[in-house]
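All remarks here apply to the structure that follows.
Please treat every number below as a calculation from the coordinates, not as lab data. Owing to the predicted nature of the structure, the values given are computational and were not obtained by experimental measurement. No Cβ is skipped: glycine too gets one built from the backbone with ideal geometry, and neighbour counts run over all protein chains shown.
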Amino acid sequence: MINPHRGDFPLLVKNPGLHYLDSAATSQKPRAVLDAMRDYYEHDNANPHRGAYALSGRATDRYLSARERVARFVGAADADCLVFTRGTTESLNLVATAWGRANVTEGDEIIVTALDHHANFVPWQQLAKGCGARFLVCPLTNEQHIDLAALRSMVGPRTKVVAFSHVSNAVGTVNPVREIAAIARSVGALVVCDGAQGVPHLPVAFDSLDVDFYAFSGHKMCGPMGIGGLVGRREILEAMPPYQFGGDMIEFVRDDHSTWNVLPHKFEAGTPNVADAVGLAAACDYLDAIGMENVLSHERALVRLASERLAAIDGVKIYGPPAAERSGVVSFTVRDIHPHDLATIFDEDGVCIRAGHHCAQPLMRRLGVAATARASFYVYSDESDVEALVRALARAQALFAQD
Ligand code: C6P
């Protein structure tokens, strides 16, 4: 059956032969999001917060309501605790830099996991290097779950931060956030969750996850590129020094010192990205109309189907936990064919997949591979995409068999 949502995505409508299986990298954008951004620029565009005139007031209102809408989507009752950033990478750098430099000192410990994306690995590694803290990497089980027993034995009185991903972008593992948070809390560590692959694919309720910070990107959840968020606990955000300095984030600027604006402005220096915030709010409306439980079950069904079909092919190896415990990615290798060759051959058939280390080199090293091929699904994907993937793989194998 043709996916009923596919028609909402102009790029897919204009490219009927395209099988876009790279939604974990970035999703396509529905018309409603493109229209909302255009509407903002056509009717309400001005620099918010600064102008005394009505148009600037309207821009301010659009920005404020976008924040409230996105906060509601991620289950944060206090919208002022949602800081708009450029995306997950900036959100995590913000915490590692602003909170980290103020709170982590020599001899402290920072724990990340072997599943983490470089965006939730390198900022912590660099913070540790800069202040003389120990940087520890929690190992995984054979099925690429975070090894919770190992994590329990690693935390201690010097553990200052436990950072981990909600969902792995490379192999799709869905991590037990509350359980990991409880382990971190048992030693009073800061709990930081990378939700780049969480918010787009599962219902997320920040207020009940028991984490201190949760980071996400708009472009992976039907929103525009260039916007994302960091949700944090109010008392921690208030105690934390700013990350960047400039307009909007100050209260008073004296010649010899300055004081800071209230949340969330303290962390949003410079002209805000209003149009993308408006687009992201429209993306939240779009996804809520489908229902995040439905998004999850739709993707799980496709992951299961793709995993079954691929596993039945000689030479294919699939990474990560069983399909029922994964979010919308299938990461695999094929004997004797490099993932980059697969992606190039698939492209000739209109099948877009990602090949490489998926910005997760520590994980690839542990899997013993330099790269995998990754197919990822979203609301507009359907069985015809899985069939195209399987056909493209058969063609690639036939081509390589001739060599
Ligand atoms: N993963 C992928 O193809 P940005 O680039 O800031 O929007 O998101 C970074 C990021 C952080 N954490 C996880 C778990 C992610 O998946 C990503 C982005 C893309 O898997 C690009 S590498």
Can you tell me the dipole magnitude for the chain around its Cα centre, using point charges on the Cβ only (Lys, Arg +1; Asp, Glu -1), in Debye to the nearest 20?
500
At a Förster radius of 25 Å, what calculated FRET efficiency corresponds to the Cβ-Cβ distance of LEU296 and SER384, to the nearest 0.05?
0.75
Per-residue Cβ neighbour rank within 10 angstrom, fewest leading, SER65, SER381:
SER65, SER381
Of the options ASN47, GLY247, GLN397, report the single residue whose Cα projects farthest towards the positive end of the charge dipole of the chain (beta-carbon charges: Lys, Arg +1; Asp, Glu -1).
GLN397
Those GluC sites (Glu not before Pro) from the stretch 103-150 that are DSSP loop and have at most 10 other Cβ neighbours within 10 Å turn out to be GLU106
Exposed loop trypsin sites (Lys or Arg not before Pro) only (DSSP loop, at most 11 other Cβ atoms within 10 Å): please give the longest stretch of the chain free of them, not including the sites.
1-253
Could you work out how much longer the chain between ASP256 and ASP347 gets when fully extended? Use 0.36 nm per residue separation minus the Cα distance between them, nm to one decimal.
26.9 nm
Within a 10 angstrom radius of the beta carbon, how do SER307, SER258, SER217 rank from fewest other beta carbons to most?
SER258, SER307, SER217
Return the sequence-ordered ³J(HN,Hα) values of the stretch 175-182 in whole Hz as given by the Karplus equation 6.51 cos²θ - 1.76 cosθ + 1.60 applied to θ = phi - 60°, using x for Gly and Pro.
8, x, 4, 5, 5, 5, 4, 5
Helix-only CD estimate at 222 nm, as mean residue ellipticity for the chain, using -39500 (n - 2.57) per DSSP H run (n ≥ 4)
-12000 deg cm²/dmol
Selection from PHE346, ASN142, ILE227 lying farthest towards where the dipole of the chain points positive, charges on Cβ
ASN142
Tell me, what is the percent relative contact order of the chain, built from C-alpha pairs under 8 Å that lie six or more residues apart?
22
List residues of the stretch 184-217, by number, whose backbone nitrogen lies under 17 Å from a label position 7 Å along Cα→C-beta of ARG152.
184-188
Size of charge dipole - the stretch 291-401 - debye, nearest 20, with Cβ of Lys, Arg +1 and Asp, Glu -1, no other charges:
500
Please arrange HIS117, HIS357, HIS201, HIS340 by counting, for each residue, the other beta carbons lying within 10 Å of its beta carbon, fewest first.
HIS340, HIS357, HIS117, HIS201
